[in-house]
Amino acid sequence: MMTLLLIVLPLLGALSLFVMKGDSIKKTAFAISLVTFAMAIGAWINFDASNLSQYAFKQDWIPSLGISFSVNLDGLSLLMVLLTTFLTPLIILSTFDREYKNPLAFYALILTMEMALIGVFVTQDAFLFYIFWELALIPIYFISLLWGGENARPITFKFFLYTLAGSLLMLFAIIYLYLQTPEHSFAIEAFHKVILAPETQSWIFWMLFIAFAIKIPVFPFHTWQPSTYHMNSTPGTMLLSGIMLKMGIFGLMRWLLPVVPQGCIDNADYVVILATIGIVYASAIAIVQKDFKKLLAYSSIAHVGLITAGVFSFTDNGLRGASMQMLAHGVNVVGLFFVADILFNRTKTFEMKDMGGIRSKAPWFATLFLIILLGSVALPLTNGFVGEFLLLLGVYEYSNVIAAFCGLTIILGAVYMLMSYQKTMLGETSAATKDFTDLTFNEKAVLIPIAIVIIATGLYPKPLIDLVEPSVQYILSFINI
Amino acid sequence: MNVLILISCLGLLSLFVGLSDSLRRYSLQVIVAGVLALFVLNFFNWNQENTRYYHDMVNFDHYAVAFTGVILFVAALVFMLSKDQFNFDEKGTGDYYGIMAFTVAGAIMMVSYSNLAMLFIGIEALSVSLYTLAGSKKTSHESNEAALKYFILGAFATGFLLFGITMIYGATGSFNLAEIAAYVNGSKDLPYLFYAGLLMLMVGLLFKVSAAPFHFWAPDVYEGSPNIVTSFMATVVKIAAFAAFYRLFSTCFGGASEQWEMILSAVVVLTLVIGNFSALAQSNLKRLLAYSGIANAGFMLLAIVALKGDAASALFYYSIAYAAASLGAFAVLILLSEEGQTLSIDSLRGLGKKNPVVAVLFCIVLLSMAGIPPTAGFFAKYFIISTAIANGHLAVSLIAILTSLVGIYYYFKIIATLFSAPVEGSENTIAEKKSYILILCAVIIIAAGILPELIISLLR
């Protein structure tokens with residue numbers, strides 16, 4: 001029941017906004033997302049990680065086709081739900097000091113998006129998974145199109161068609177798998193039982209993988225990403241980078257590895273190599289970026305490349321690390337995009353060469369930026385370190401050569417992130433930054449929780465690792481037959 | 001069965017109502033009330049013991065009753081949509097409704113026939129009425145052109161159809177579907193005469209459903225005909241044609257499927273590709289709907305290729321979803337034309353701001369056409385694809401899925417236009433209009449998407 005409520009509440013919240021007016025719209029949206037977060041925390045308090053199906057809700061939907069509305073929580077799902085419900089209020093709060101046209105539609109879309117994202121993470125039925133997967137795309141389409149910046153229309157179309165092409169391949173694969181299940185059911189347990197010939201597994205694997213890879217995005221399916229992130233409004237970028245791309249990684253772990261294990265093993269080499277190319281390539285491009293928001297977009301590609309490689313190492317550490325890094329990356333990237341938003345809001349530019357000396361003007365801002373940045377470059381005792389360390393360990397167990405290349409993400413990441421900090425925060429103030437004001441109350445309210453989470457989960461990640469451990473073991477039990 | 005007689009009587013009644021100067025303004029009420037009454041009456045045919053009438057000329061089995069229901073309901077909606085389209089003070093307005101009622105009678109014959117002669121009569125009753133309706137805007141050059149084009153090509157296709165029926169008769173010695181089926185299943189080597197007849201029949205029917213490469217008439221006829229006639233063609237006529245097509249092939253020719261499966265698969269691919277890619281280039285909303293109708297025809301043909309299993313219920317669901325979405329789109333089109341606007345897609349700019357209700361409803365309709373869950377359009381495509389895959393048509397299904405991506409592109413282009421900023425200094429948008437038909441269509445789309453089981457379980 002609890003799981004169902006987690007899905008329904010944001011949706012009802014989105015609908016309730018239609019009777020609101022003026023300022024109460026964003027306040028209500030914020031309150032609803034906060035209540036949803038409280039519910040997720042509530043679910044966590046009484047959570048027994050070793051039980052892989054908690055707060056289950058199941059209701060036949062289209063019984064003649066074996067489709068049911070079946071949702072529950074396991075450790076991995078809960079982690080993703082925590083991430084989603086933690087970030088959504090912050091994303092909404094980050095808009096409080098900014099003006100967005102047509103607030104009613106804007107906040108309703110954000111809450112609808114939250115509903116769909118939670119749905120993706122908790123569903124146990126492949127058909128339902130597909131429905132939520134697509135449903136998540138519609139709000140972000142409108143957010144990109146209507147609140148996006150320059151060239152919103154062509155860029156949104158590229159992004160939208162790209163991801164939909166992947167989704168349709170996934171749909172084809174899902175239907176095929178469904179027809180192979182003995183009892184003709186979309187339930188995930190039925191999918192687990194399907195035994196396919198290795199060649200069939202391979203082409204099913206690629207269909208599903210491409211769908212997920214586009215969302216993540218893994219090189220060479222990433223070409224939609226930098227322009228989409230850059231053009232989008234800050235809340236749109238935060239939703240895309242913070243939560244939505246995790247759908248792809250989550251999909252790999254829940255719907256790919258256990259379903260076509262042989263296909264995964266057979267093609268892991270290709271995937272890991274693609275991911276590694278992506279890491280090096282994106283890091284190299286990030287270093288030469290002059291535009292801060294673009295830099296963040298490319299750094300995101302590098303980070304998720306490492307997560308993908310970790311997942312395909314099929315090791316305990318790799319999958320644990322992927323889970324932890326999904327959380328860490330989500331939190332950090334939302335923080336960083338908000339930093340970019342604050343910079344743009346005050347200086348009207350993303351060009352780093354026009355900034356500088358902000359540290360002396362805005363110490364609060366500079367300090368919080370530094371904490372988030374250190375999390376992002378995986379400094380020990382921050383959340384990024386936990387994830388990336390485990391990931392590299394996992395990849396090392398898979399292949400030490402690949403691990404050496406993957407390690408570049410940390411080194412190069414430190415290079416471009418620290419360079420960007422130096423260019424924007426240190427040195428002499430410029431024309432654009434000479435009147436830089438420090439953070440407002442609302443801005444602090446966004447960045448401080450993020451900084452706290454970065455340090456807290458970096459210092460003591462054990463509860464979270466324990467949370468996902470049984471799910472990780474379960475996933476691996478399919479691979480190591 | 002009595003529905004068939006009564007709809008013909010209703011047509012006559014409409015003609016008489018139209019004759020009288022005092023009664024003429026009630027034409028619309030009479031026809032809508034009549035069709036809705038028949039819609040209710042039709043349900044009494046469900047689960048009857050004796051379904052065959054007229055010496056086994058028509059067979060009102062579940063399939064026929066279900067499709068008759070859809071046809072009547074959609075027809076009633078089209079009639080309601082015509083409220084402001086005709087001038088009820090003018091002589092001859094009743095004729096439109098009379099002729100449209102005869103078209104519906106033809107459509108009902110097409111979904112219930114159990115004899116090839118009856119199929120032919122149904123198609124002719126429907127087509128001849130439509131030729132007239134297409135040209136009913138007498139002073140319009142385009143309308144006349146549409147009627148003539150439709151008539152000449154339609155008559156040609158009818159020739160094929162009749163020729164095919166004759167050859168099948170020559171080979172099997174019967175017009176009766178059951179006897180033809182028995183012949184097909186009973187003999188090992190079917191004569192060439194039979195295959196030639198089958199091929200001719202197929203060509204005739206493919207023309208009627210506007211499948212490629214027999215689709216060239218559709219865009220011009222759609223564009224030239226009066227809006228209300230086009231919406232009638234796109235919904236009632238198309239559903240009837242597909243129901244007839246499927247009925248014929250599933251009862252008679254299932255046993256000879258290896259002979260036509262490849263040809264029909266090729267037609268499906270061609271139709272999907274041509275329909276979708278041509279729609280991409282359209283700037284006129286009505287023409288775009290014509291091409292999207294062709295693309296939809298490709299999907300519905302896929303149900304005929306699949307033939308077995310749940311194909312009938314998949315086709316049935318698709319018909320409903322398609323009719324609801326098309327009618328919704330035509331409701332918007334009619335709103336536009338009432339305001340005297342051009343029917344270009346650009347005239348929709350700024351609708352999101354000026355009339356958000358219509359814009360959001362239209363958006364739902366377009367999402368359904370594009371096949372985005374959880375709308376009816378998604379389930380419609382899904383049911384057909386999954387039936388096709390289940391029957392082993394993997395390649396065609398994959399092409400169908402990929403071409404629907406092209407469809408998504410042009411539908412979303414319209415959505416983007418709806419919510420983009422209006423053109424500076426122009427007042428060209430429907431400001432305060434609303435359309436109850438559009439609301440109803442959107443409700444059907446959402447309801448059928450949330451509870452698809454209700455519909456697909458009917459024909460299982």
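Accessible area buried by the pairing of B and A, both sides summed with a 1.4 Å probe, works out to roughly 2800 Å². Taking Cα atoms only, the orientation of helix A:2-16 departs from the longest principal axis of chain A by about 50 degrees.
For A:Arg359, the accessible surface of its heavy atoms amounts to roughly 130 Å² (probe 1.4 Å, protein chains only, rounded to the nearest 10). Note on A:Leu179 and A:Lys101: with the Förster distance fixed at 51 Å, the Cβ-Cβ geometry gives a FRET efficiency of about 0.60. Taking the Cα atoms only, what angle lies between the long axis of helix A:462-479 and the longest principal axis of chain A, rounded to 10 degrees? Relative to chain A, helix A:462-479 is tipped by roughly 40 degrees.
Could you tell me how many degrees, from 0 to 90 and to the nearest 10, lie between the Cα long axis of helix B:2-19 and the main elongation axis, the longest principal axis, of the Cα atoms of chain B? Once rounded, one gets 40 degrees. Taking label positions 7 Å along the Cα-Cβ direction at both B:Ala37 and B:Ala421, the computed distance is 5.6 nm, reported to one decimal. Within the full protein context, the accessible area of B:Thr158 is estimated at about 10 Å² for a probe radius of 1.4 Å. Here is how the number arises for chain A: DSSP H runs of 4 or more residues each give -39500 (n - 2.57), the sum is divided by the residue count, and the result at 222 nm is -24000 deg cm²/dmol. With a 1.4 Å probe rolled over the protein heavy atoms of all chains, the accessible area of B:Asp84, B:Asp189 falls in the order B:Asp189, B:Asp84, largest first. Computed over protein heavy atoms with a 1.4 Å probe, the accessible surface of segment B:258-460 works out to 32 Å² per residue. Only alpha carbons enter this Debye calculation for the protein assembly as shown, each as an equal point scatterer, and the log10 of I(q)/I(0) it gives at q = 0.06, 0.09 Å⁻¹ is -0.47, -0.95. In this structure segment A:2-479 gives 32 Å² per residue of accessible area when probed at 1.4 Å with all protein chains present. The fraction of accessible area contributed by carbon and sulfur in the protein assembly as shown is 66 percent, rounded to a whole number (1.4 Å probe; ligands and nucleic acids excluded). Solvent-accessible area of B:Glu145, all protein chains in place: 80 Å² (probe radius 1.4 Å, heavy atoms, ligands and nucleic acids excluded).
Can you show me the helix-derived [θ] at 222 nm for chain B, built from DSSP H runs with n ≥ 4 at -39,500 (n - 2.57) apiece and divided by the number of residues, rounded to the nearest 500. The helix contribution divided over chain B gives -24000 deg cm²/dmol. Distance between the 7 Å Cα→Cβ label points at A:Glu199 and B:Asn284: 5.0 nm.
Selection among B:Ile274, B:Ala447, B:Leu398 by position relative to the dipole of segment B:258-460 gives B:Ala447 as farthest towards the positive end (Cβ unit charges, Cα centre). Given a cut-off of under 8 Å on Cα pairs at least six residues apart, what relative contact order in percent is computed for segment A:2-479? Result for segment A:2-479 is 16 percent. If a spin label sat at a point 7 angstrom from the Cα of A:Lys58 along the line to its beta carbon, the backbone N atoms of segment A:165-185 nearer than 20 Å would be those of A:178-185.
Select from segment A:177-225 all residues whose loss of accessible area on going from the chain by itself to the full protein assembly reaches 30 Å² or more (probe 1.4 Å). Buried by the other chains: A:Leu179.
The values are calculated or read from the model by the stated rules, or taken from the named source; none is laboratory data. Since we're looking at a predicted model, the values are computed, not measured. Every residue, glycine as well, gets a Cβ built from its backbone with ideal geometry; the counts of neighbours run over all protein chains shown. Ligands, DNA and RNA are excluded from the accessible area calculation, which covers all protein heavy atoms including side chains. Shrake-Rupley method; radii C 1.70, N 1.55, O 1.52, S 1.80 Å.
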